[in-house]
Each structure stands twice: as C-alpha cells, then as structure tokens.
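The values are calculated or read from the model by the stated rules, or taken from the named source; none is laboratory data. The structure displayed is predicted, hence computed values, not measured ones. Positions of Cβ are generated from backbone atoms using ideal geometry, with glycine treated the same way; all protein chains shown enter the neighbour counts.
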Amino acid sequence: MGTSIKRDAKVLDAVIIGAGFAGLYQLHCLRDRLGLDVTVLEAADGVGGTWYWNRYPGARCDTESHAYCFTFSQALIDAWSWSERYPGQAEILRYMNFVADRLDLRRDIQFGRRVTACRFDESQNLWHVTTGLGETLRAKFLIAAVGCLSTANVPDIPGLETFEGRWLHTGQWPHEGVDFTGKRVGQIGTGSTGIQAAPVIADTARHLTVFQRTANYSVPARNAPLTPEFQRDVKANFAEVRRIMHSTHNGHAFTIEDRNVFDVTPDERMQIYDQAWDKGGLQFRAAFKDLLSSKPANDTAAQYLSDKIRSIVKDPATAEILADIDHPYGAKRPPIDTDYFETFNRDNVTLVDVRKAPIEAITPTGVRTSAGEYPLDILVFATGFDAMTGPLLALDIQGRDGRALRDTWRHGPTNYLGLQVAGFPNLFTITGPGSPSVLTNMPVAIEQHVEWITACIAHMRETGIARIEATETASQRWVQAVNAAADATLLPQAHHSWYLGANVPGKPRVFMPYAGGMARYRQHCSEIAAKGYEGFALS
Ligand code: NA7
C-alpha cells in the first residue's frame, strides 16, 4: 500500500470531522435542512465524542441534564427523559445514540476513520481529507467538529515506559472498565476529572494515593434522581428553559443574581453562600454577579469555600494542602463533586502534595517524588487535555499556498469569531478557540455555531458564492476582542489553567475562549451575518 491513496471520485458538499454533539447536529442541518451531500468521519466506533472516550469512574456532566441536550427540536425533548440532576457518561452516550437513530444520522457517518491530513486544493476550490485507512475524500466545505477537550495530555514524566503496573488516561478509558479491587492505585491530577474519579476509585481500591499539584475549589453537585413532576415540567415549559439558556452569559438554564457581593451585609452574604452550597452545582457562581470580575468580591467566595474544605477534612495537615488554593474561585473551570473532600477522611486514601515535593520519576513499581516513593499497581492520569487547539492541530490542516495551521498558530490561535482562520477558505471550526465554547454550556454554544454555519452555507448557495474566508484584519481585531474580554475578568489570573494553555509544556500562553458571554457573542455573530458577512472575503 505505502503511499497509494484511494481517491473517491465523488465530490461531497461537506466533510464533517467528529460525531459528537457538534458533528451530529451539523450533519442533520446540512443534509436534512439544506439537502446537501455530506459525510461525517469519526475516529471512534460509535457516536458521542467526549462521552464516547471519557468513561472513567464517576464521569458525569457538570451541566444539569435538562440543559445538557439539543434544544432545536421539541420532538427530541418530548421523547427523552433524563433520570438524574447531573447526567452520567453512560446516560449521555445513550442519549446521543438515541438522537443519531431518531434523526437517521448513522448512514452518513463513517466510523473508525481518524483524519490524518486535510489539504486545500486551490485550483479546484476543494478540501482533500485523508483518513488513517488511506482514503481521501473531496469536499467543498470542511467542518471540524472535533471538540475542545479530545486530545489527552499525558505528562512527560521520566520512566513511564518502565512502569510494570498498568497506566491509563481518564480520557481514553477502556470500554470494559477497570477493576481496582485489591489494588494500590495512584491518581495524578485534581481537576474536574480527578475530583469526580477519586471518590469512586477509593470505593473499591485497596489504597488510593492522590498526587495534587494545584489545590482546587469544589462545590457539592447534590446529584439526585429527577422526579416525574420535574421531568414533565421541563418538557411542558421547554420554550422558557431554552429562552433562559439563550439569554444568559454562560448558556445554562439558570440566571445570575442581579446583586454584588458588597451590596449585602456579611451575615446576609454568609446566608446566601450557605444556600448556594446547599443547592450545590455550578449555580454557586450565580450567587453574585461580580464573582468573576472583582477580586475582593471573589475573595469572599474563595474564603467560604476553603473554610468548607477545612470543616470537612478531619486531618488538619491534609485539609491545609487541599485548602491552599492559589487562584480565584472560578478562574479555573470550577469542579462540582460527590464526596470529594470526604474521600480524604477514608483510611485507604492518601494525599500527596507534589507542589511541595515534585514528582521526579515513574519507576517500575510506582511514583517517586522528592519526598519518597509510592508503590502502585495502577496509575491513573487525570491530567486533562491539550485543550481547544490540540484537536484541530492533530488534523494536520494545510490551507491556501500550503500554509499549515500549526505554523499559523505557532504563537497561539488567531481566527475570526472562533469560526474561521484566515488562509483556510471554506473551513469552519465548531466551538473553536476564540468562541465562548468551554466557558458555557457546550450544547448551546454548539447549536449556535452549527446554525450560523448552516445559514452561511445556505446564503453562499443562494447567491452563487463558492468561497468564504476570514480576512486577516477581522481576525486581528477579533483576537484583540478576545483578549479584552478575558482581561475584563479574573480568568487570566489562574496562571496554570488550560484556558491559557499553561498545562501543556511549550504551548503558547494565550487565553483561548471568548469570555464576553454567549448572549453577546450570539448577537455579534448575527449582526455580522446580517451585514453580508462582514470581515469575511466572499468570492
Ligand atoms: P484539568 O482541569 O486540566 O486538570 C488536570 C489536572 O492534572 C490538574 O490538577 C493538573 O495540575 C494535573 N496535572 C497535569 N499535569 C501534571 C503533572 N505533570 N504533574 C502533576 N499534576 C499534573 O483536566 P480535567 O480532565 O480534570 O478537566 C478538563 C475539563 O473537562 C474540565 O474542566 C471540564 O470542562 C471537563 P495543575 O492544575 O496543572 O497544577
């Protein structure tokens, strides 16, 4: 075989890469609304994206289930009932399979196809998309629906290859699960994933050692089964739920209280935080509107949450390591949990502070820090992802004049609205860097992008336009707008966050998502379309 490539003679209207929320809806819109000839390429053997891969113990969404779904079809809403306040991985995957079946999407998805190269052929105005199986598809439009958190980040710790036990990354979890019974398990990482996984692993492991580099806030999820009344109410009033999701800053189905931290007395503030803590979940952030813009305001939440850690964790030395948090609350993605801090009260769980005594190596029998060695049978990396740019760069995209996306983004992602990159005609990136994406409820951000792209392609077909490309000028301006939006918040103050690319050695430090809010962003995108796609070159 070698270099021989099977070239499909047919020219498709579009190739979509990825069959998660974004790819499924984009296929439905282009095929069923515009009548286009579309193929989806998916590396996995099934639909689901993030929820196909992230099967680690305790994997659960931190958006409430009634808001973590497609909102475009009342028929889909009516036909599906979520069982819990926060949906677990298996249930979300069932939901996505239900959507794929219901909309008859599977017949246009090719599974087991990892895209290895995308080349723009200028003379024909076509994208050539090559898969790991050696096929090349040709299409007028290329749509990357590859997600923001799909490239696993396994830290380059010396000696990993010598480890005689088993090691795993949470984002590439085996379908058959992992039996921790009787095992000494190590877990590196205490982000949202590690905070979900540790309590579940500790339930069956002989011993769990958690290696923490950066302490993290967490608010109890208070997950619970949903009552039939709640399920009925949501279906009956979904138009209103949807309206709220479309009008809020973060795309969730709750509103942020219209009050500032120092508008109330200290006693009232404590009462408000207590209520928010009892209610649980991401809504804790919604208790006051200035938590993410004012450091003194944020300090009150930070103090409240670290006091909670000290009150839950019985061993004072362990509590101190967990509560010694170096960033404002919410400046990193704020985790929600089920019994995370309580887990450190178990006899079979140890916390190791690797900020103080860094990991030096992985040995054949465990992890060695500067303070000593921890013998392990299984090592779990809950170490996150090469977020946002990683999945796009992995596609090896070359646009006009052979320019590689990797070179264009050498100093960080530049693009227009997170939707298009100058030099890469007819390529759209769903929830790309520079869009609200990970700062919002993802399905809401995805639906907005998919609908915008669909309307754009419809417009091009109606007006006989063959090519759309973001201009350099508009892209430069948008990068400035993304930076300004981030700088108006406390988000850049978390120096180690993946929002900044700081978790991947050598990655440029640029605040990637657009922090100006989903509602504002949606309006901005609509205005640009209404002005004849201002900032894009159409030809
Ligand atoms: P995150 O949020 O990136 O968390 C990764 C964790 O792994 C975090 O605690 C890191 O510490 C830690 N980490 C990473 N590399 C190392 C090394 N080399 N040594 C020690 N510790 C390390 O990923 P998650 O999967 O938890 O969450 C990603 C998103 O998925 C989440 O925000 C939700 O949106 C869903 P650090 O903080 O960098 O010091």
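Check 111, 120, 163 and return the single one that is within 16 Å of the ligand (Cβ to nearest atom) and not assigned by TED's automatic domain parsing to the domain that holds residue 370.
Matching residue, one of 111, 120, 163: 163.
Let me confirm something: among 464, 506, 532, which residue is modelled with pLDDT under 95, exposed (fewer than 13 other Cβ atoms within 10 Å of the Cβ) and not assigned by TED's automatic domain parsing to the domain that holds residue 330? Give the steps one after another, and end with the answer.
Values: 464 fails: modelled with pLDDT under 95; 532 fails: modelled with pLDDT under 95.
Going through 464, 506, 532 in turn, just one is modelled with pLDDT under 95, exposed (fewer than 13 other Cβ atoms within 10 Å of the Cβ) and not assigned by TED's automatic domain parsing to the domain that holds residue 330: 506.
Suppose the filter is farther than 28 Å from residue 132 by Cβ, assigned to a helix (DSSP H, G or I), in contact with a Lys or Arg (Cβ under 7 Å, 6 or more places away or on another chain) and of a type outside the set (Gly, Ala, Ser); does residue 454 pass it?
Answer is yes for this residue.
Just for strands (runs of 3 or more DSSP E) wholly inside the stretch 358-425: which have at least 1 residues that are touching a helix residue (DSSP H, G or I) at 6+ places or on another chain (Cβ under 9 Å)? Working first, answer last.
Working: elements: 359-363, 366-369, 372-375, 378-381.
Where strands (runs of 3 or more DSSP E) fall fully within the stretch 358-425 and carry at least 1 residues being touching a helix residue (DSSP H, G or I) at 6+ places or on another chain (Cβ under 9 Å), they are 359-363, 378-381.
Based on this model, can you work out whether residue 195 counts as more than 14 Å from the ligand (Cβ to nearest atom) and in contact with a Phe, Trp or Tyr (Cβ under 9 Å, 6 or more places away or on another chain)?
The answer is no for residue 195.
Would you check which residues across the stretch 42-64 are more than 16 Å from the ligand (Cβ to nearest atom) and buried (at least 22 other Cβ atoms within 10 Å of the Cβ) and list them?
Across the stretch 42-64, the qualifying residues are 42, 47.
Could you tell me whether the stretch 327-335 includes any residue that is at pLDDT 95 or above, out of contact with any Phe, Trp or Tyr (no Cβ under 9 Å at 6 or more places or on another chain) and surrounded by fewer than 20 Cβ atoms within 10 Å (Cβ to Cβ)?
For the stretch 327-335, residues at pLDDT 95 or above, out of contact with any Phe, Trp or Tyr (no Cβ under 9 Å at 6 or more places or on another chain) and surrounded by fewer than 20 Cβ atoms within 10 Å (Cβ to Cβ): absent.
Do you know which residues across the stretch 79-124 are in a loop (DSSP other than H, G, I, E, B) and aromatic (Phe, Trp, Tyr)?
80, 82, 86, 111
If I filter the stretch 446-458 for residues that are charged (D, E, K, R), on the phi < 0 side of the Ramachandran plot and either surrounded by fewer than 16 Cβ atoms within 10 Å (Cβ to Cβ) or touching a strand residue (DSSP E or B) at 6+ places or on another chain (Cβ under 8 Å) (or both), do I get at least one hit?
So far as the stretch 446-458 goes, no, none of its residues is charged (D, E, K, R), on the phi < 0 side of the Ramachandran plot and either surrounded by fewer than 16 Cβ atoms within 10 Å (Cβ to Cβ) or touching a strand residue (DSSP E or B) at 6+ places or on another chain (Cβ under 8 Å) (or both).
Which is under 27 Å from residue 141 (Cα atoms) and assigned to a loop (DSSP other than H, G, I, E, B), of 521, 514?
After ruling out the rest, the residue left standing is 514.
Where residues in the stretch 509-529 are in contact with a Gly (Cβ under 7 Å, 6 or more places away or on another chain) and at pLDDT 95 or above, which of them is nearest to residue 410 (Cα to Cα)?
512
Out of everything in the stretch 123-160 that is among the hydrophobic types (A, V, I, L, M, F, W, C) and surrounded by fewer than 19 Cβ atoms within 10 Å (Cβ to Cβ), what residue ends up being nearest to the ligand (Cβ to nearest atom)?
Going through the qualifying residues, I end up with 157.
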